[in-house]
Amino acid sequence: MASSSALSRLSNLHNHLRPLDSNNQIEGLVKFSPEVYQALSSGRAVVALESTIISHGMPYPQNLETAKQVEEIVRKNGAVPATIAILDGVPCVGLSAEQLERLATLGTRAQKTARRDIAYVVAGRRNGATTVSATMFFASTVGIPVFVTGGIGGVHRHGEETMDVSSDLTELGKTPVAVVSAGVKSILDIPKTLEYLCRKHKEYVLLVTRPMNSQHFSLIQAAVRLHAVWTHQRNVPG
């Protein structure tokens, strides 16, 4: 029984992490919602959203209400929202109402999943809520160029002694996704985080300053506009 279970986990991991073929097909590796699949196929604007804020950021039902409200704001601004999570070991790009409800009620029982945790969550057929780094990874994999979130991770206080640095910063330097955010989380060492970004990465971060009560929603609007500019520039010859 134990060996059979281990083989099943290895098979599941192989199916999800095998190299993509020459046509860059990812069907079978990632599950798309019909709305996101149609949008990507037709070249419409799609904005990626993380799911850790749903499972770990707020209690139920506030987390579910917020997730639905954020997705609706993306739609009203002319784009398609793609909330990303791992459910039963399957990476999902775009969640149905039922899946959002499930993730919201799971809460912290869903594993907080950074990029380094993806293989573990997929192989074990677990439920994972994606952080900034994992969301960026999946967004880049499926061709979503813009991701909006609240605060990103950074260098923790006393990080020069503990070396506690969020994988979000590493991901910003190697994954070609534009991240629209409220900036670095205030509990972190912001000056050291900015120093880390300046030393490690040559291209980064547009900080959008808005009143706190409307900040997240104005960031979503900025993300949709950024996607439009990105798509236009990509399609202009030369």
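The values are calculated or read from the model by the stated rules, or taken from the named source; none is laboratory data. It should be emphasised that the depicted structure is a prediction, and the values quoted were computed from it without experimental measurement. Cβ coordinates were reconstructed from backbone atoms using ideal geometry, including for glycine residues, and neighbour counts include every protein chain displayed. The area values use the complete protein model at the heavy-atom level, side chains included, leaving out ligands, DNA and RNA. Shrake-Rupley method; radii C 1.70, N 1.55, O 1.52, S 1.80 Å.
For segment 23-98, taking Cα atoms only, Rg and Dmax work out to 12.9, 42 Å respectively. Only the Cβ atoms of Lys and Arg (+1) and of Asp and Glu (-1) were treated as charged; on that basis the dipole of segment 118-182 about its Cα centre amounts to roughly 340 debye. Using amide H atoms built in the peptide plane, which far-off residues or other-chain residues are under 5 Å from LEU95 H to H? Close amide H contacts, sequence-distant or interchain: THR83.
Here segment 75-104 and segment 144-163 have alpha carbon centers that stand 23 Å from each other.
With θ taken as phi - 60° and the Karplus curve 6.51 cos²θ - 1.76 cosθ + 1.60 applied, the whole-hertz 3J(HN,Hα) list for segment 73-89 is 5, 4, 5, 5, 9, x, 10, 10, x, 10, 6, 10, 7, 10, 10, 6, x Hz, x standing for glycine and proline.
Amide H contacts under 5 Å for THR175: none, restricted to partners 5 or more places along the chain or on a different chain, H placed in the peptide plane at 1.01 Å from N. Overall form of segment 51-143: oblate. Here a/c, set by the Cα gyration tensor axes a ≥ b ≥ c, is 1.5 or more, and a/b is not larger than b/c. Annotation: ILE84 carries an accessible surface of approximately 0 Å², with a 1.4 Å probe and no ligand, DNA or RNA atoms counted. Only the Cβ atoms of Lys and Arg (+1) and of Asp and Glu (-1) were treated as charged; on that basis the dipole of segment 30-130 about its Cα centre amounts to roughly 280 debye.
On segment 105-176, 49 percent of the accessible area sits on carbon and sulfur atoms, based on a 1.4 Å probe. Projected label points at THR105 and ARG44, each 7 Å from Cα along the beta carbon direction, are separated by 2.9 nanometres. Around the amide H of LYS112, modelled in the peptide plane, lie the amide H atoms of ALA129, all under 5 Å away and 5 or more residues distant in sequence or on another chain. If R0 equals 30 Å, the separation of the Cβ atoms of MET58 and ARG157 corresponds to a calculated FRET efficiency of about 0.80.
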